[in-house]
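Below is one structure, written out as structure tokens; comments come after it.
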Amino acid sequence: QIAWGQVALHVSVSDLFEEALDPNDPTRDERAGRWQSARVESQRIAVRGRAPEPISIVVTEHGPLLRSVFPDEPRANSLALRWTGQAERSGVEALYRLQRCGDWSCFRAALREVRAPAATFLYSDATGATGTQVAGDLPLRAIETGLLPLAGASRYYDWRGTADFDSLPSSYGAN
């Protein structure tokens with residue numbers, strides 16, 4: 001009954017935070033004047049022709065420190081990546097529901113549950129109606145800083161949540 005597609009939406013869905021790390025314990029970072037412990041995750045990375053290599057990833061409130069990816073880059077020791085694609089919840093089920101939709105109402109209801117970096121979804125149905133809907137997580141910030149690393153110790157730059165689905169751009173036209 002319907003055809004749909006997804007295209008990239010050129011919006012910022014990630015930020016780099018420069019964390020203030022405890023010089024005596026690099027698994028602790030400063031937040032609003034207090035030290036807090038980061039989470040340490042152990043993972044094994046498969047390497048073709050060799051035994052898997054273990055790595056430790058330090059994860060702050062803002063996300064993983066990039067030192068596990070760039071071990072020879074000194075600044076990477078304190079940079080954490082916050083990205084909407086790191087959310088624990090998944091939007092895969094919503095995309096499966098799109099496969100069973102037969103109208104615009106069902107299409108939008110399924111997209112309401114998408115939990116992934118924001119994208120634009122295109123819609124067309126057998127009657128000739130067309131539509132677009134932006135869906136997914138779009139961070140709300142106090143200030144847009146572009147590509148500059150943000151001060152992780154300050155709560156000023158923390159995300160204030162994500163944009164409400166009903167505030168995201170949408171258009172629909174029936175023939």
(message) What distance in nm separates the two pseudo spin-label positions at ARG75 and ALA87, each 7 Å out from Cα along the beta-carbon direction?
(response) 3.0
(request) For the chain, with a Gaussian network of springs between Cα atoms less than 10 Å apart, report the residue from ARG141, ARG48, ARG100 with the top mean-square fluctuation. (result) ARG48
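How do VAL58, VAL11 rank by accessible surface area computed with a 1.4 Å probe, from largest to smallest? Before the final figure, lay out each step's value.
Values: VAL58 10, VAL11 60 Å².
So, going from the largest accessible area down, we get VAL11, VAL58.
Using 0.36 nm per residue, how much length does the chain from ILE55 to ARG160 gain when fully extended, once their Cα-Cα distance is taken away? All intermediate terms of the calculation are to be shown ahead of the outcome.
Values: separation 105, 0.36 × 105 = 37.80 nm, distance 3.15 nm.
Stretched fully, the ILE55-ARG160 segment lengthens by 34.7 nm.
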(request) Determine the distance separating the Cα centre of segment 148-168 from the Cα centre of segment 79-98; give it in Å without decimals. (result) 16
(request) Would you please classify the overall shape of segment 1-48 from the alpha carbon gyration tensor, given that a ≥ b ≥ c denote the square roots of the eigenvalues, rounded means a/c under 1.5, and beyond that prolate means a/b larger than b/c while oblate covers the rest? (result) oblate
(request) Quick one: what are the phi-derived ³J(HN,Hα) couplings along segment 76-86, Karplus 6.51/-1.76/1.60 with θ = phi - 60°, whole Hz, x for glycine and proline? (result) 5, 4, 10, 8, 10, 9, 9, 9, 5, x, 8
(request) In nm, give the distance between the simple-model label positions of LEU140 and ARG100, each being 7 Å from the Cα along the Cα-to-Cβ direction. (result) 3.2
(request) Mind telling me which of GLY91, GLY102, GLY152 comes out most flexible in a GNM of the chain, alpha-carbon contacts under 10 Å? (result) GLY102
(message) What are the ³J(HN,Hα) couplings of segment 142-150, residue after residue, when phi is run through the Karplus curve with 6.51, -1.76, 1.60 and θ = phi - 60°? Round to Hz, x for glycine and proline.
(response) 5, 8, 8, 10, x, 9, 6, x, 9
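Can you work out the accessible area per residue across segment 1-117, with the rest of the protein chains kept in place, probe 1.4 Å, in square angstrom? Could you put the intermediate results ahead of the total?
Working: 7530 Å² over 117 residues.
For segment 1-117, the per-residue accessible area is 64 Å².
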(message) If you take semi-axes √(5λ) of the Cα gyration tensor in Å from the coordinates, which of (1) 23, 21, 17; (2) 39, 20, 12; (3) 25, 21, 14 do you get?
(response) (2)
(message) Just want the answer: with Cβ charges of +1 for Lys and Arg and -1 for Asp and Glu, which residue in TYR157, ASN77, GLY136 is farthest toward the dipole's positive end in the chain?
(response) GLY136
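The values are calculated or read from the model by the stated rules, or taken from the named source; none is laboratory data. The model shown is predicted, which means the values in this text are computed figures rather than measured ones. Note: ideal-geometry Cβ built from the backbone for every residue, glycine included; neighbour counts use all protein chains shown. For the accessible areas, the whole protein counts, side chains as well, though only heavy atoms, and no ligand, DNA or RNA atoms are used. Shrake-Rupley method; radii C 1.70, N 1.55, O 1.52, S 1.80 Å.
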